[in-house]
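This report refers to the structure that appears directly beneath it.
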Amino acid sequence: MTLRLIPYLVMNGNAKEAIEFYQKALDAQVIFSQSFGEMPENPEFPLPAEAKDRVSHATIKIGETDLMFSDTFPGQPHQSGNQVTICITTNDADQAHKFFDALKDGGQVGMPLQETFFSPAYGTVTDKFGVTFQVFTEGR
């Protein structure tokens, strides 16, 4: 089993700009970047035009450290100062469920842990201390 905790920055439509800034300022290397427009379409939730160029997920590497990004979806609330979450990354779905279930005790589920097009088990939860975690299972 592998396990990593990765800082995840949620931006307000300026993730591309932030990534470019960190590339120049910190010699960051872009490992992965995908816009909302590049994701598979979901007919139940049509994508607004203003969302297509926003970053749905990106990973950069600074030295030995990964840093993840996404933009908020248009209309979602964003408040500077609370845009940093912790992404718990594992390759074990059972471990993901264990962590998620433990973190939701006294907390609030943002997205139930579920299979997505990019992960066999992904969800978001804010624990009882107000810290938001993304639980991500590798293996798609």
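The values are calculated or read from the model by the stated rules, or taken from the named source; none is laboratory data. Just so you know, these numbers come straight off a predicted model, no measurement behind them. All Cβ positions, even for glycine, are placed from backbone atoms using ideal geometry, and neighbour counts span all protein chains on display. Areas reflect the complete protein model, heavy atoms only, side chains present, ligands, DNA and RNA absent. Shrake-Rupley method; radii C 1.70, N 1.55, O 1.52, S 1.80 Å.
Can you give me the accessible area per residue for the stretch 84-129, using a 1.4 Å probe, in Å²? I get 55 Å² per residue for the stretch 84-129. So I have [x] 0.99; [y] 0.95; [z] 1.03, and one of them is Rg/Rh (Cα atoms, Kirkwood Rh) calculated from this model. Which one is it? Computed from the coordinates, Rg/Rh (Cα atoms, Kirkwood Rh) corresponds to [y]. The count of lysine pairs in the chain whose Cα atoms are under 19 Å apart, excluding pairs fewer than 8 places apart on the same chain, comes to 6.
Identify, among HIS78, ALA102, PRO120, the residue whose Cα sits farthest towards the positive end of the charge dipole of the stretch 76-140, taking +1 on the Cβ of Lys and Arg and -1 on the Cβ of Asp and Glu, with the dipole about the Cα centre. Projecting each Cα onto the dipole axis, the largest value belongs to HIS78. With a 1.4 Å probe and all protein chains left in place, how much of the accessible area of the chain comes from carbon and sulfur atoms, in whole percent? Reported share for carbon and sulfur atoms: 52 percent. Each peptide in 64-70, 132-138, 20-26 was scored by the mean count of other Cβ atoms within 10 Å over its residues; highest first, the order is 132-138, 64-70, 20-26.
Summing charges over all other residues whose Cβ lies under 13 Å from the Cβ of GLN29, with Lys and Arg as +1 and Asp and Glu as -1, gives -2. In order along the stretch 14-27, the Karplus-derived 3J(HN,Hα) couplings, from 6.51 cos²θ - 1.76 cosθ + 1.60 at θ = phi - 60°, round to 10, 4, 4, 4, 5, 4, 4, 4, 5, 4, 6, 6, 10, 6 Hz, and Gly and Pro are given as x. Which percent, to the nearest 5, of DSSP beta bridges fully inside the chain are antiparallel? That works out to approximately 75 percent antiparallel.
Note on GLU38/GLN76: beta-carbon distance plugged into 1/(1 + (r/R0)^6) with R0 of 25 Å gives a FRET efficiency of 0.85.
With K and R counted +1 and D and E -1, the other residues having a Cβ less than 13 Å from that of ASN12 yield a net charge of -1. State whether the stretch 17-59 is rounded, prolate or oblate according to the following rule on the C-alpha gyration tensor (a ≥ b ≥ c being the square roots of its eigenvalues): a/c under 1.5 gives rounded; otherwise a/b larger than b/c gives prolate, and the remaining case gives oblate. Judged from the Cα gyration tensor, the stretch 17-59 comes out prolate (a/c at least 1.5, a/b above b/c).
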